[in-house]
Ligand code: ADP
Ligand code: MG
């Protein structure tokens, strides 16, 4: 092994230090931002991405696009990370956060060129971010949960705003209701969005999607005898197992060496005896629907069919977890002690045809802390994007329930904060005044981009917005994308949880400061062997993959 070598240059990497490196990093980030910026807002466009394997993804979601861009520039990768963290923290505002970070960098490019120290800029930006976040918290409007109907309406509005740039917006009434009902059906204390199952069934129209207040999963692999089992029950007892109900001999990889034929017979008999004991115990428990994470073979299937019991083996873990949440009871790992309290129940169980597939549906569940969205649509890519869009909306509704502070969207909040910072900056001495001013200017990128994407005259509308925000009562004025004008977006019900904005500002500032504090890129050639370490594009497993399930 030779001495560790530090190599500064690699093809395409800037070899400069200090100012040159900073400017090159800023340029790289700007290039990335330019790719995603056209997706922002209700009039944003979608991106179609094809990966190395020829897999096609169509998306409007910032985090998904950033992830698939496969960015190799080390500084620009930071932007991928903030999109991902915004996605994990709040679930929406992923394009905005990238755009904001890029704009913060662009605004100070001139100062860097003039030789202003990055530390001055970083200090100014951090201060401005702190001021903005406090101001947003002050401005945000608290919504009351007391009036159920009003609260429902409010959640629908937040969901509609999150969906407004997505494919599903054309069906927004349908989908907002679906999303809000889904979130409200969860346990309101924990609001665990993982208990909202999403199943994709290609075919049909998007309006044929349905919300099952309970659990639905695709019929599992079944053996002979399954056809004779009953497929619908009222108030069935449901038993969930983690037990294999299959003769070992049915598996072809079993190997037993015996000397005599009688020994062999003894083994087979023992095998049968064990499985019959289990089956008898299950029947004695009174269960009518038997689910197992492990296989249920043809002997057991036939046995259950003869006794009017429904069974399904190889149920996926997350489906099983949701069944337990919905019907009650608990997963049993043995059949030796099947007490009544281990079994769950629901109003109805049914195996039903949805599209080209058979589905098992558990409805009217007493615990009802879970639900399932069954999504329909023409193409697989299309349903995948519907799922991502619903995910954003679900996260937003969840946020709105959790901390019920909302602000107006459409650039209204950004303009108000921008004004506030500009006014405040006049009280600051020295260079910091310019930096806080630059931050204020950068915030305007959101309304400007909303205009650009809609084909409006951004200069004119932004001027009018600045004027409005300078007057009392203009706080919530933002872009009205439907009428090419400005409007009070709070009254127009373009609402977003305040958390989307505060988190976006905090994350974008951090990313910008991080990039500004780097003045040299050093590559260690030895850790750059192909195949070694992480795949390009960052950590595996986190955030929204495509496909997600
Ligand atoms: P992100 O990934 O950042 O959420 P979106 O494409 O969802 O990006 O766009 C969000 C932006 O669009 C927000 O600034 C939001 O306020 C704005 N927006 C959403 N709906 C409307 C609307 N009906 N009118 C004006 N602006 C809207
Ligand atoms: Mg959004």
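The values are calculated or read from the model by the stated rules, or taken from the named source; none is laboratory data. Note that the coordinates shown come from a computational prediction; the quantities given were computed from them, not determined experimentally. A quick note on method: Cβ atoms are made from the backbone with ideal geometry, for glycine too, and the neighbour counts reach across all protein chains shown.
Can you tell me which residue within region 167-184, out of those that are touching a residue at least 40 places away in the same chain (Cβ under 8 Å) and closer than 15 Å to residue 383 by Cα, is surrounded by the most Cβ atoms within 10 Å (Cβ to Cβ)?
175
What number goes with the only condition from (1) surrounded by fewer than 24 Cβ atoms within 10 Å (Cβ to Cβ); (2) in contact with a helix residue (DSSP H, G or I) (Cβ under 8 Å, 6 or more places away or on another chain) that residue 101 does not pass?
It is condition (1) that residue 101 fails.
Sort out which residues of region 85-98 are assigned to a helix (DSSP H, G or I) and either buried (at least 24 other Cβ atoms within 10 Å of the Cβ) or away from ligand 2 (no atom under 16 Å from the Cβ) (or both), and write them in order of number.
86, 87, 94, 95, 96, 97, 98
Output yes when any residue across region 385-405 is in contact (Cβ under 8 Å) with a residue 60 or more places away in the chain, at positive phi and within 14 Å of ligand 1 (Cβ to nearest atom), and no when none is.
Looking through region 385-405, none of the residues is in contact (Cβ under 8 Å) with a residue 60 or more places away in the chain, at positive phi and within 14 Å of ligand 1 (Cβ to nearest atom).
Exactly one condition in (1) in contact (Cβ under 8 Å) with a residue 60 or more places away in the chain; (2) more than 16 Å from ligand 2 (Cβ to nearest atom); (3) closer than 24 Å to residue 57 by Cα; (4) assigned to a helix (DSSP H, G or I) is false for residue 202; which is it?
If we test residue 202 against (1) in contact (Cβ under 8 Å) with a residue 60 or more places away in the chain; (2) more than 16 Å from ligand 2 (Cβ to nearest atom); (3) closer than 24 Å to residue 57 by Cα; (4) assigned to a helix (DSSP H, G or I), just (4) comes out false.
Can you tell me which of (1) within 15 Å of ligand 2 (Cβ to nearest atom); (2) more than 21 Å from residue 385 (Cα to Cα); (3) at pLDDT below 90 is the one residue 46 doesn't meet?
(2)
One residue is enough: does region 431-443 have a residue meeting the conditions more than 16 Å from ligand 2 (Cβ to nearest atom) and assigned to a loop (DSSP other than H, G, I, E, B)?
Going through region 431-443, the residues more than 16 Å from ligand 2 (Cβ to nearest atom) turn out to be 431-443.
Cutting the leftovers down to assigned to a loop (DSSP other than H, G, I, E, B) gives us none.
Within region 431-443, not a single residue is more than 16 Å from ligand 2 (Cβ to nearest atom) and assigned to a loop (DSSP other than H, G, I, E, B).
Only one of these conditions is not met by residue 286: (1) without any contact (Cβ under 8 Å) to a residue 12 or more places away in the chain; (2) part of a loop (DSSP other than H, G, I, E, B). Which number is it?
So the condition that residue 286 fails would be (1).
Just one of 522, 486 is touching a strand residue (DSSP E or B) at 6+ places or on another chain (Cβ under 9 Å) and at pLDDT below 75; which is it? First the steps, then the outcome.
Working: 486 fails: at pLDDT below 75.
Selected residue: 522, the only one of 522, 486 that is touching a strand residue (DSSP E or B) at 6+ places or on another chain (Cβ under 9 Å) and at pLDDT below 75.
For region 381-406, which positions are away from ligand 2 (no atom under 16 Å from the Cβ), touching a strand residue (DSSP E or B) at 6+ places or on another chain (Cβ under 8 Å) and at pLDDT 85 or above?
First, pick out the residues of region 381-406 that are away from ligand 2 (no atom under 16 Å from the Cβ): 381-384, 401-405.
Now narrow it down to the ones that are touching a strand residue (DSSP E or B) at 6+ places or on another chain (Cβ under 8 Å): 381-384, 403-405.
The answer is 381, 382, 383, 384, 405.
Please count how many residues of region 119-166 are touching a strand residue (DSSP E or B) at 6+ places or on another chain (Cβ under 8 Å) and either surrounded by 13 or more Cβ atoms within 10 Å (Cβ to Cβ) or part of a helix (DSSP H, G or I) (or both).
Initial filter on region 119-166 (touching a strand residue (DSSP E or B) at 6+ places or on another chain (Cβ under 8 Å)): 136-137, 139-143, 154, 157-158, 161-162.
Now restrict to residues that are either surrounded by 13 or more Cβ atoms within 10 Å (Cβ to Cβ) or part of a helix (DSSP H, G or I) (or both): 136-137, 139-141, 143, 154, 157-158, 161-162.
Counting residues in region 119-166 that are touching a strand residue (DSSP E or B) at 6+ places or on another chain (Cβ under 8 Å) and either surrounded by 13 or more Cβ atoms within 10 Å (Cβ to Cβ) or part of a helix (DSSP H, G or I) (or both) gives 11.
Might you let me know whether region 307-323 holds any residue that is modelled with pLDDT under 90, out of contact with any helix residue (DSSP H, G or I) (no Cβ under 7 Å at 6 or more places or on another chain) and either part of a loop (DSSP other than H, G, I, E, B) or not assigned by the TED database to the domain that holds residue 243 (or both)?
no
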